[in-house]
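What follows is a set of notes on a single structure, which appears directly below.
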Amino acid sequence: MSNYQITTDPARFDIEAVHAFLSHSYWSPGVPRAVVERAIQNSLCFGVLLGSAQVGFGRVITDRATFAYLADVYVLDEHRGKGLSKRLMDAVLGHPELQGLRRMLLATRDAHSLYAKYGFTPLAAPDRMMERHRPNVYQESAAELKR
C-alpha cells in the first residue's frame, strides 16, 4: 500500500490513461479526449498512482464553498481490494478546499456501499432534484462532426 500515492497535481496525471478508462466506462462511453482534458482543467482532481502509473482517479466539480459533485471515480481492476478506493475517498473528503460544503452529490450504479461509509445517502428529497441527462452526447457530437 505504501507504494501507492494520491496526488492532486495535474502535471502528474496520465491523461491518456484516464481517457482510456473513462471512454470505456458505463457512465461516459466514447468521451472524447479533449472533453476529459477540459474536465480535468476545470475540476479538483485526485490521481491514484503506483510510481508514475495512473491506477485510479476521481474528480470533484465544485465552487469550493457550498457545493461539490464527485465524478469519474475509478480504481483499475488489478489494483482493487487494496483499500485504494477508501484512501481516495479519505483524500477527497479530507481536502482543505472541500471542507464546510453544504452538499456533495454523486451518481453510482454499483458502489453504494463504499459511498455509504462516507455519509452518502439516497436523496432526502428526490422530488426537488431534476436533471438534464444526455447519455449519448458524445456519440451525437461525433456524428455531427462527420456531417
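The values are calculated or read from the model by the stated rules, or taken from the named source; none is laboratory data. Nothing here was measured: the structure is a model prediction, and the numbers come from that model. For neighbour counting, all protein chains shown are included, and Cβ atoms are generated from backbone atoms with ideal geometry for every residue, glycine included.
Points to keep in mind about this one:
- Residue among R64, R59 that alone is surrounded by 15 or more Cβ atoms within 10 Å (Cβ to Cβ) and either assigned to a loop (DSSP other than H, G, I, E, B) or among the small types (G, A, S) (or both): R64
- Among residues of the range 92-105 that are basic (K, R), those with a beta-carbon under 7 Å from a residue that is exposed (fewer than 13 other Cβ atoms within 10 Å of the Cβ) at least six positions away or on a different chain give the pairs R102/T66.
- Criterion: exposed (fewer than 12 other Cβ atoms within 10 Å of the Cβ) and either at pLDDT 95 or above or in contact with a helix residue (DSSP H, G or I) (Cβ under 8 Å, 6 or more places away or on another chain) (or both) - qualifying residue of G94, G83: G94
- Close pairs from the range 61-73: first over 12 Å from L105 (Cα atoms), partner surrounded by fewer than 18 Cβ atoms within 10 Å (Cβ to Cβ), Cβ under 6 Å, at least 6 apart: R64/E97
- Test: residue in the range 16-26 that is outside any helix (DSSP H, G or I) and touching a helix residue (DSSP H, G or I) at 6+ places or on another chain (Cβ under 9 Å): yes
- Residue that is modelled with the highest pLDDT, among those in the range 105-147 that are surrounded by 10 or more Cβ atoms within 10 Å (Cβ to Cβ), hydroxyl-bearing (S, T, Y) and more than 16 Å from Y69 (Cβ to Cβ): Y138
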